[in-house]
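Right, one structure below, let's go through it.
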Amino acid sequence: MRVIGIDPGSRSLGYGIVEDRRGLVAHVAHGVIRASAEARLEHRLREIFSQLCAAVLLYRPDSAAIEGVFAFRNLRSALVLGHARGVALLVAAQNGLSVHEYAPSRVKRSVGARGASGKDAVARMVNWFLRIPQLESGDATDALAVAICHLNHSRLARARPQGSTRAEFDKMGMDHRLAPSYRRFEVGGG
């Protein structure tokens, strides 16, 4: 299973691709799509769209994971981020990818960082977890963390029999608190 994680932004959008290789999470690729800060919003979104489409076509992920919306004090920032998220969802839909959304705190915990940790802590944990050199961009490491989060949750979902009780989950040697409780939706499916 190959997953693209997306950390949306209207000026820079991070993406990270990981896959399950015989039970291990392996790094495939990562990148940051940078749009000109001086360009109008619609031109930045077009640039993000075309480059993200190219990345999806090149790496052919099976699904997409995106960081959920968190609280904003600035309404304009929230609206602009919503446009970038919409572009990412459109790219996923056009390529037939299921989309999975995770809260920022869940993403941080999935790589071993605390919920209140900053980008530096997440970056250190992602680099350690994937055994890759220190990455320059917080956008790429955040995207990789989202992809890792989804890959781990999808593994748990496959390992957990339907309707398992806490005791059954514990028998499998897994922490019942890690049972998938994320919001999942199919793009175009409601």
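The values are calculated or read from the model by the stated rules, or taken from the named source; none is laboratory data. Worth saying up front: this structure is predicted, and the values here are computed from it rather than measured. Neighbour counts run over all protein chains shown; Cβ positions are idealised from the backbone, glycine included.
Applying the selection to region 48-72, what residues are under 22 Å from residue 106 (Cβ atoms) and out of contact with any His (no Cβ under 6 Å at 6 or more places or on another chain)? Please lay out each step first, then the result.
Of the residues in region 48-72, the ones under 22 Å from residue 106 (Cβ atoms) are 61-72.
If the condition is that a residue be under 22 Å from residue 106 (Cβ atoms) and out of contact with any His (no Cβ under 6 Å at 6 or more places or on another chain), then 61, 62, 63, 64, 66, 67, 68, 69, 70, 71, 72 are the ones that fit.
Under 6 Å between Cβ atoms, which residue pairs at least 6 apart in sequence (or on different chains) link something in region 32-44 that is in contact (Cβ under 8 Å) with a residue 40 or more places away in the chain with a partner that is in a helix (DSSP H, G or I)?
32/139; 32/140
Quick one: would you say residue 64 is aliphatic (A, V, I, L, M), crowded, with 16+ Cβ neighbours inside 10 Å, touching a helix residue (DSSP H, G or I) at 6+ places or on another chain (Cβ under 6 Å) and not in a helix (DSSP H, G or I)? Quick ask: steps written out before the conclusion?
Numbers: aliphatic (A, V, I, L, M): yes; crowded, with 16+ Cβ neighbours inside 10 Å: yes; touching a helix residue (DSSP H, G or I) at 6+ places or on another chain (Cβ under 6 Å): yes; not in a helix (DSSP H, G or I): yes.
Criteria met by residue 64.
I need a count of the residues in region 23-53 that are in a helix (DSSP H, G or I) and over 21 Å from residue 141 (Cβ atoms). Even if it seems obvious, please write down each step before you answer.
Going residue by residue through region 23-53, those that are in a helix (DSSP H, G or I) are 41-53.
The next check asks that each one be over 21 Å from residue 141 (Cβ atoms); those that pass are 41-47, 49-50, 53.
Qualifying residue count for the region: 10.
For a quick check of your reading of the model, give me the residue pairs whose first member lies in region 52-69 and is among the aromatic types (Phe, Trp, Tyr), whose second is in a strand (DSSP E or B) and surrounded by fewer than 23 Cβ atoms within 10 Å (Cβ to Cβ), with beta-carbon atoms closer than 8 Å and at least 6 apart or on different chains.
Sorted first by the residue in region 52-69, then by its partner, the pairs are 59/2; 59/28; 59/29.
Suppose we filter region 70-102 for residues that are free of Cβ contacts under 8 Å to residues at least 12 places away in the same chain and within 26 Å of residue 26 (Cα to Cα); how many remain?
Applying the first criterion (free of Cβ contacts under 8 Å to residues at least 12 places away in the same chain) to region 70-102 yields 71-79, 86, 96.
Of the ones still in play, those that are also within 26 Å of residue 26 (Cα to Cα) are 96.
Number of matching residues: 1.
With the structure loaded, tell me whether residue 89 is surrounded by fewer than 18 Cβ atoms within 10 Å (Cβ to Cβ), assigned to a helix (DSSP H, G or I) and hydrophobic (A, V, I, L, M, F, W, C) or whether it fails that test. Talk me through it step by step, then tell me what you get.
Details: surrounded by fewer than 18 Cβ atoms within 10 Å (Cβ to Cβ): no; assigned to a helix (DSSP H, G or I): yes; hydrophobic (A, V, I, L, M, F, W, C): yes.
No.
Quick one: in region 128-172, which of the residues that are in contact with a Ser or Thr (Cβ under 7 Å, 6 or more places away or on another chain) and more than 16 Å from residue 101 (Cβ to Cβ) is modelled with the lowest pLDDT?
So, considering only residues that are in contact with a Ser or Thr (Cβ under 7 Å, 6 or more places away or on another chain) and more than 16 Å from residue 101 (Cβ to Cβ), the one modelled with the lowest pLDDT is 135.
Could you say whether any residue in region 93-100 is in a helix (DSSP H, G or I), at pLDDT below 85 and over 20 Å from residue 11 (Cβ atoms)?
Quick first cut of region 93-100, residues in a helix (DSSP H, G or I) only: 93-94.
Going one step further and asking which of them are at pLDDT below 85, we end up with none.
Scanning region 93-100 turns up no residue that is in a helix (DSSP H, G or I), at pLDDT below 85 and over 20 Å from residue 11 (Cβ atoms).
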